[in-house]
Each structure stands twice: as structure tokens, then as C-alpha cells.
Amino acid sequence: MTAAYDRAAQALCAAGRTLVARGLTPGTSGNISLRVDGGGYVMTPTNVGLGDLSPAEVARLDERGGHVGGSLPTKEWELHLTFFEHRPAATAIVHVHSSYAVALSCLEYADDESVLLPLTPYALLRIGRLPIVPYAPPGSARLAASIAGRAAQSRAILLANHGPIFAGGTLAEAVAGIEEIEQAAKVQLLLHGQAVRPLSDIEIAQLTQPPPG
């Protein structure tokens, strides 16, 4: 198990550097978690920039979320474990405070089912729906509970007045998903107040429904 934790910690650190290089996680914000082969999890510690992490600092948790090594995990640990619980196929979760997605999270919405307009095929294919959940303090049990009803239906969730979180089948998929959310939020905000041409129901179906037969 030690070797599995070490491999996961190294992969997590590499992902953190990628997120920082792409400008998606300012300061010491954001957190990442991974399932470990054979059981358990690794998570980023709190108050450490994701580009500055060393594998030894990465928090190691057992299958029940108990701390078994490394630094103490992010205060958002319960949020990550809740997402994993409701998405058993997910192996990686990324949460950031990227500028455009955070801005999107601060707007009012009449419909919380998906805050993204169907503007590009890439957002539909890589994100799907992006529901928003009500604000709760970061690190609180209330915030973790707020995503429980959404996580099984959506791999991407927007936390109101906070930022996006994405659960991927792989770590690369989770990083790419967070980047796509930021890009989609940027496009939507740049078009705010203008007449837009969203994709039609037929065009959406062509992208999201499997071919017959």
C-alpha cells in the first residue's frame, strides 16, 4: 500500500503544477483528491499552493477517511469523500477557485439544474450539466451534504459563491473538466447581455445521445 500511496501522491503533485501553470488555482486555493489503488485516498493539504506541493506533504487517508500519513488533509476533505461516495467510478476530484467560474457562481439563477447555456459542443461533451448548489461555508458538513443530491447525476457541480468541482474517471479527465468549466464560464460571461445562438435541442441530442443500434 505504501507504494500505491506514493504513486498517487506523485500524480497529485504533478496535477497541481499543471493547474497552477494554466492559471486555474490562485494562491493557496483549490484542492485535489485521488483514490488509491487497493483502497484509501490521497488529498492536498490545507494552506499550501498546488504548485508547491511535495509528495511527502500529501495527506494519506484510509478507506474510511481516517488520516494515516502525510500532512493533514484540506478542510474540504468531507466534500471530496461525499463526491467519491456518490460516484464510485470516479478516481479523481479537482476543486478550484478559477476566476470566471467563481464569477459565474456569484450570479443569481432561476434554475439550478444547469447554469451553463448550451453554447459549444465541447462544454456539453466534457462537462454535461453544471448544477449549482446553495452557498455553505467552505469545509462545512453542510457544504458536503449539499452536493450529495447532485453528485450521482452530475460529475461537475458549481458551489455558489465559491467555485467548481469535477469528478473524473481519471486524473487527466478531472483536470481537463475543470479547465473546460473555466472556458465555458468565460465564454458565457463574455456574451452576457448579448443575443446568443444556443445549440438547438436537435444539435444537443446529436452530441449527447448514443447512435441508434
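Tell me, how many Å apart are the Cα centres for segment 170-188 and for segment 193-209? Going from one Cα centre to the other spans 19 Å.
Could you rank the peptides 182-194, 146-158 by their average count of other C-beta atoms within 10 Å per residue, with the highest value first?
Values: 182-194: 15.6, 146-158: 19.5.
In decreasing order of mean packing, 182-194, 146-158 become 146-158, 182-194.
Between Arg64 and Thr28, how high is the FRET efficiency from 1/(1 + (r/R0)^6) when r is the Cβ-Cβ distance and R₀ = 35 Å? Nearest 0.05. The value I calculate is 0.85. Rg and Dmax, both from the Cα atoms of segment 1-155 and both in Å, are 15.7, 48.
Please state the charge dipole magnitude for the chain, taken about the Cα centre, from unit charges on C-beta atoms (+1 on K and R, -1 on D and E), reported in debye and rounded to the nearest 20. Roughly 140 debye for the chain.
Of the residues Leu124, Ala148, Val42, the one whose Cα sits farthest toward the positive end of the charge dipole of the chain, with +1 on the Cβ of Lys and Arg and -1 on the Cβ of Asp and Glu, is Val42. Which shape class, rounded, prolate or oblate, goes with segment 88-213 when its Cα gyration tensor gives a ≥ b ≥ c as root eigenvalues, a/c under 1.5 marks rounded, and past that a/b bigger than b/c marks prolate? In terms of gyration-tensor shape, oblate. Taking 7 Å steps out from each Cα toward its Cβ at Ala103 and Ala56 produces label points 4.1 nm apart. Extension gain, Tyr122-Ala21: 0.36 nm per intervening residue step, less the Cα-Cα distance, totals 34.2 nm.
Bear in mind these aren't lab numbers, they're just calculated from the coordinates by the rules spelled out. This one's a predicted model, so the numbers in the text were calculated from it and none came from an experiment. Don't worry about glycine lacking a Cβ; one is built from the backbone with ideal geometry, like all the others, and counts go over all protein chains shown.
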